[in-house]
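Okay, so here's the structure we're looking at.
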Amino acid sequence: TYQFIKNTIKFDITRYEQEPFSNVQSEVEIHHIINNINFKGFIDRIDQTNNTINIIDYKTTTTPLTDKGTPNIIHLFNSYKSIHHEIFQIILYCYIYSKRLTSNTSHQTLKLRPLLYKTYDFSKQNPKLETIKIKVPLELLDPNNQPPLETSLSEFNTNPKNCQEIDITDYSLIATPFEWLLTKMLNDIYNTDIPFTTTENSTNEKACKFCPYKTMCKK
């Protein structure tokens with residue numbers, strides 16, 4: 001814990017020299033009702049740079065997140081392909097926090113930026129903290145022409161030529177596709193016509209070791 005705090009402070013000093021920040025908060029509780037479902041979480045850290053609120057999650061994993069490449073937003077919601085859980089989590093935090101901003105008229109002009117503090121390797125991080133990039137199928141970007149919620153994720157064309165890569169400097173840039181996909185996921189979960197299935201790697205003992213549902217699926 002001591003080393004974690006020491007490294008974080010050293011990193012913050014370097015970062016502040018290039019991009020001054022203020023209003024630092026930690027363990028910020030958030031909650032919001034989505035499709036009659038209560039969502040609650042704790043944001044590791046929030047700070048502010050000029051007109052941007054930074055939603056920050058600390059990551060202590062030893063696996064470099066950048067090695068996973070730029071994800072397609074579709075794969076954040078596909079249980080068979082998602083390996084970017086940390087990106088889904090921080091964007092979900094931005095979505096919930098954005099509801100708090102819209103209810104406060106003095107904050108409605110502020111941008112909301114998701115960031116990851118990769119604490120396993122502070123020494124190699126850019127002190128400016130590079131923003132998260134994500135690919136989005138073009139058919140999900142138009143808020144006035146959203147596909148039906150019954151559309152299967154497999155129907156979306158995730159070919160790079162049919163996608164726009166977005167640098168998430170502001171959550172609003174991906175709010176339309178993310179919120180559509182989130183609503184679809186929740187509708188699918190509560191759809192009694194769609195059965196629950198085990199994941200493709202459910203026979204992998206390592207993958208199932210810490211799953212809270214392993215006694216139910218018997219894998």
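The values are calculated or read from the model by the stated rules, or taken from the named source; none is laboratory data. Since we're looking at a predicted model, the values are computed, not measured. For the accessible areas, the whole protein counts, side chains as well, though only heavy atoms, and no ligand, DNA or RNA atoms are used. Shrake-Rupley method; radii C 1.70, N 1.55, O 1.52, S 1.80 Å.
In the structure shown, do any of K10/K111; K99/K124; K6/K214; K161/K184 have a Cα-Cα gap over 32 Å, and if so which? The partial results should precede the final answer.
Values: K10/K111 26 Å; K99/K124 34 Å; K6/K214 38 Å; K161/K184 24 Å.
The answer is K99/K124; K6/K214.
Based on alpha-carbon centroids, what's the gap between segment 1-63 and segment 138-179 in Å, whole number please?
Centre-to-centre distance over Cα atoms comes out at 26 Å.
What percentage of the solvent-accessible surface of segment 1-62, computed with a 1.4 Å probe over protein heavy atoms, is contributed by carbon and sulfur atoms? Each step should come with its number before you reach the end.
Numbers: 1930 of 3870 Å².
Summing carbon and sulfur atoms, their accessible area is 50 percent of the total for segment 1-62.
Going from most exposed to least, what order do Y120, Y171 have by accessible area with a 1.4 Å probe? Display every interim value, and only then the final one.
Working: Y120 65, Y171 10 Å².
Greatest to least solvent exposure: Y120, Y171.
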